[in-house]
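> Sharing a structure below in structure tokens format, with a few things to ask.
The values are calculated or read from the model by the stated rules, or taken from the named source; none is laboratory data. Treat the numbers as computed from the prediction; the structure is a model and nothing was measured. We place every Cβ from the backbone using ideal geometry, glycine too, and count neighbours over all the protein chains shown. Surface areas here come from the heavy atoms of the whole protein model, side chains and all, with no ligands, DNA or RNA. Shrake-Rupley method; radii C 1.70, N 1.55, O 1.52, S 1.80 Å.
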Amino acid sequence: MSTSHDVTTVASVDLQRYLGLWYEICRLPMKYEDATARDITAHYSLQDNGKIRVDNRCIDEDGKPTQSIGEAEALDASNAKLTVTFVPELLRWIPFTKGDYWILKLDPEYRLSLVGDPQREFLWLLAREPQVSAAEQEDYLGHARALGYDLSKLITPRQSGKTVSDAMLETAGARR
């Protein structure tokens with residue numbers, strides 16, 4: 001098994017190109033994420049303070065739209081290693097409330113992104129479109145395997161191509 005220092009990121013990321021809407025193609029399970037959620041998206045936008053606003057949306061297991069707002073911050077000039085937090089803004093100063101968001105593989109056109117952490121607990125394959133070809137998905141997941149990720153519990157959410165709108169969140173009372 002590889003050690004955490006063997007997990008490598010891309011050399012650099014142009015954050016302006018990385019911003020925008022991404023669809024979750026697949027992921028490793030997380031304790032606080034609904035394993036049956038569908039139409040999962042992440043929208044990244046630059047804030048005035050230079051940090052990145054993370055707006056995650058999905059349809060939960062009950063068919064209701066949900067949203068989680070977080071904030072990401074680059075750790076160095078490469079912009080390939082970031083931290084992200086979803087705790088309320090007033091609590092973000094507390095240690096251990098941030099997780100690693102490392103960009104492990106990135107399509108030159110910024111169409112596909114493989115994101116993980118150095119402990120190999122978390123992994124996401126994100127794309128600009130709701131579906132990717134089987135060959136592209138296998139290429140990116142093969143890269144994750146080569147880095148030592150165990151993909152035996154991989155979750156592939158249903159993507160219809162629809163996104164959760166602000167109006168859907170307001171109607172459901174789920175706006176944060």
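> Using label points projected 7 Å from each Cα along Cα→Cβ, tell me how many nm separate E170 and Q131, to one decimal.
3.3 nm
> Using a 1.4 Å probe and counting only protein heavy atoms, arrange K105, K153 so the residue with the most accessible area comes first. Kindly include the intermediate steps, with their values, before the conclusion.
On the way: K105 50, K153 140 Å².
Solvent-accessible surface, decreasing: K153, K105.
> Can you pull out the GluC sites (Glu not before Pro) in segment 102-137 that DSSP calls coil and that have at most 13 other Cβ atoms within 10 Å?
Values: sites: E109, E121, E136; in loops: E109, E121.
Listed in order of number, the matching sites are E109.
> Accessible area of T66, 1.4 Å probe, to the nearest 10 Å²?
40 Å²
> Distance between Cα centroids, segment 132-176 to segment 43-59: provide it in whole Å.
17 Å
> A further question on this structure: Considering only protein heavy atoms, what is the solvent-accessible area of R145 at a probe of 1.4 Å, reported in Å² to the nearest 10?
About 120 Å², rounded to the nearest 10.
> Got a sec? What order do R158, R111, R27, R128 fall in by accessible area at 1.4 Å, biggest, i.e. largest, first? Walk me through the numbers on the way to the answer.
Working: R158 140, R111 100, R27 5, R128 60 Å².
Heavy-atom accessible area, descending, gives R158, R111, R128, R27.
> Helix-only mean residue ellipticity at 222 nm, the chain, DSSP H runs n ≥ 4 weighted -39,500 (n - 2.57), per residue, nearest 500. What is it?
On the way: 3 runs with 24 residues, N = 176.
Rounded to the nearest 500, it is -3500 deg cm²/dmol.
> Within the chain, how many lysine pairs that are 8 or more places apart, or on different chains, have C-alpha atoms less than 20 Å apart?
Details: K31/K64; K31/K98; K31/K153; K51/K81; K51/K98; K64/K162; K81/K98; K81/K105.
Within the chain, the lysine pair count is 8.
> In what sequence, largest accessible area first, do V164, V132 appear using a 1.4 Å probe?
Numbers: V164 10, V132 35 Å².
Greatest to least solvent exposure: V132, V164.
> What chymotrypsin sites (Phe, Trp or Tyr not before Pro) does segment 14-78 have in DSSP loop regions with at most 15 other beta carbons within 10 Å? The partial results should precede the final answer.
Working: sites: Y18, W22, Y23, Y32, Y44; in loops: Y32.
Loop-located and lightly packed - Y32.
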